[in-house]
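J.: The structure that follows is given in the form of structure tokens.
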Amino acid sequence: MSQFDFAALVAPPIKPLTAYDPGYEPTEVKRALNLAALAELGSNESAYGPSPDVLTYLRNLPLEVTHRYPDAGGRVLKRALAAHYQLTPEHFTLGNGSHELLVLMAQTFASAQDAVVFSQYGFAVYALAAQASGARSVKVPATQQLAADPLAMVQAARRERAKIVYLANPNNPTGNYWDHSTLLAFMRELPSDTLMVLDEAYHEYADPALVPDGSRLLGEFPNLIVARTFSKAYGMAGLRVGYVMADPGLGLVLERTRLSFNVNQFALRAAAIALGDQSHISKAREANARARAALTEALETLPIRVLPSQGNFLLCDFARDAAPIEQALLKRGVLVRPMRGYGLPHMLRITIGQPWEQDMLVEALRALLA
Ligand SMILES: *Cc1c(COP(=O)(O)O)cnc(C)c1O
């Protein structure tokens, strides 16, 4: 029982803030519903897990250095990232997942006088980051296909003299993306003092022939900040490592706002090891693309509209309130993500899982929608 009204003392920008909805906790759900198996298709985690090299490292953790602080500069990982992208270590800032860095951008650059622009169905964290910083959120209406509208976004950024634009490419939860020429044209039209935070959490899953690589544009656009993570294709969501890459001037500023030991030493080392196994990433991309196509095909035999996706998830339109379907799936041991919070109550987001998980899902849906 709470005996003190902390909420009454909360700072003004935090008052209207609601917590990020992380979805169900799978272990809790399994226990509460007494399920033998649970298909965890709610959080866009990798169906393929981390590189075997990472697992080998984790099994032999050098536990005797637990009492030591990690390297606050994250040097080993930054050097590995620099080699991977052919950039310098100074181009990188590391975070406890990219979520932390996305929030840090607003905290560092936006205040009550500033506007932060994002798309109507953009990743939910952008609105929360803007709100927590006290900035004005400018939510730009999406296209008919639920995609970020480049023209409307650039117009909003100019009109509002935006401090930050957030865009996920590909986007979660919609799965859609801007192609190279759209992104390039957008960057050329964006005021040079507006920061473009390009969130490429799903980049490694996307078809490189379709979805651009933001890191290639850093030289041309010093106001571009590309965010990536080890949580998705690298299969390391539980270790919490993400990073942003940008002109080295960004890293110098973020050193003032970032918590100094924000990534733990084992996660830092594991991420550097993961980066060294690119064959694991290409295998994950190919397996995901195959599984995504197969699941799309299976779902389309049911009364479900599946939106095209370049991520490891599918946004599914049931053309009616999806809440009862989501609850019924849960009772059958299939965890998916409701989209009510995004204003899409007739949709569910379903992560690409292992074959047995996808079978469980399709079987359950077939029974429910019959
Ligand atoms: C999952 C996700 C992230 C990153 O999550 P972290 O685990 O904090 O790195 C960032 N952006 C989008 C769009 C995501 O879906």
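The values are calculated or read from the model by the stated rules, or taken from the named source; none is laboratory data. Treat the numbers as computed from the prediction; the structure is a model and nothing was measured. Neighbour counts are summed over all protein chains in view; Cβ atoms, including those assigned to glycine, are modelled from backbone coordinates with ideal geometry.
J.: For the condition in contact with a Phe, Trp or Tyr (Cβ under 6 Å, 6 or more places away or on another chain), of a type outside the set (Asp, Glu) and at pLDDT 95 or above, what is the one hit in PRO170, PRO141?
T.: Numbers: PRO141 fails: in contact with a Phe, Trp or Tyr (Cβ under 6 Å, 6 or more places away or on another chain).
Every option except PRO170 fails the conditions.
Residue-wise test of (1) exposed (fewer than 12 other Cβ atoms within 10 Å of the Cβ); (2) away from the ligand (no atom under 16 Å from the Cβ); (3) of a type in the set (Val, Ile, Thr).
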site: MET1; (1), (2), (3): yes, yes, no
site: ALA8; (1), (2), (3): yes, yes, no
site: ASN34; (1), (2), (3): yes, yes, no
site: GLU40; (1), (2), (3): no, no, no
site: GLU45; (1), (2), (3): no, no, no
site: TYR57; (1), (2), (3): no, yes, no
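J.: List pairs: first in segment 229-244 and under 11 Å from LEU268 (Cβ atoms) and of a type in the set (Lys, Arg), second in a strand (DSSP E or B) and within 9 Å of the ligand (Cβ to nearest atom), Cβ under 9 Å, 6+ apart or cross-chain?
T.: That search, which allows pairs on different chains as well, returns ARG240/GLY95.
J.: Of the residues that make up segment 31-40, is at least one assigned to a loop (DSSP other than H, G, I, E, B), under 25 Å from PRO173 (Cα atoms) and out of contact with any helix residue (DSSP H, G or I) (no Cβ under 8 Å at 6 or more places or on another chain)?
T.: no
J.: Hey, can you tell me all the residues within segment 104-116 that are among the β-branched types (Val, Ile, Thr) and free of Cβ contacts under 8 Å to residues at least 60 places away in the same chain?
T.: Filtering segment 104-116 down to residues among the β-branched types (Val, Ile, Thr) leaves 108, 116.
Result: VAL116, single match.
J.: Among (1) under 24 Å from PRO12 (Cα atoms); (2) touching a residue at least 60 places away in the same chain (Cβ under 8 Å); (3) more than 16 Å from the ligand (Cβ to nearest atom), which single condition is GLN145 missing?
T.: It is condition (1) that GLN145 fails.
J.: Which one is surrounded by the fewest Cβ atoms within 10 Å (Cβ to Cβ), of the residues in segment 221-235 that are outside any strand (DSSP E or B) and more than 9 Å from the ligand (Cβ to nearest atom)?
T.: Restricting attention to segment 221-235, the residues satisfying the condition of being outside any strand (DSSP E or B) are 221-223, 230-235.
Going one step further and asking which of them are more than 9 Å from the ligand (Cβ to nearest atom), we end up with 221-223, 233-235.
On the way: PHE221: 19, PRO222: 14, ASN223: 18, ALA233: 25, TYR234: 26, GLY235: 22.
Per the criteria, the residue is PRO222.
J.: Being touching an Asp or Glu at 6+ places or on another chain (Cβ under 8 Å) and surrounded by fewer than 17 Cβ atoms within 10 Å (Cβ to Cβ) is the filter here; which residues of segment 236-271 pass it?
T.: PRO248
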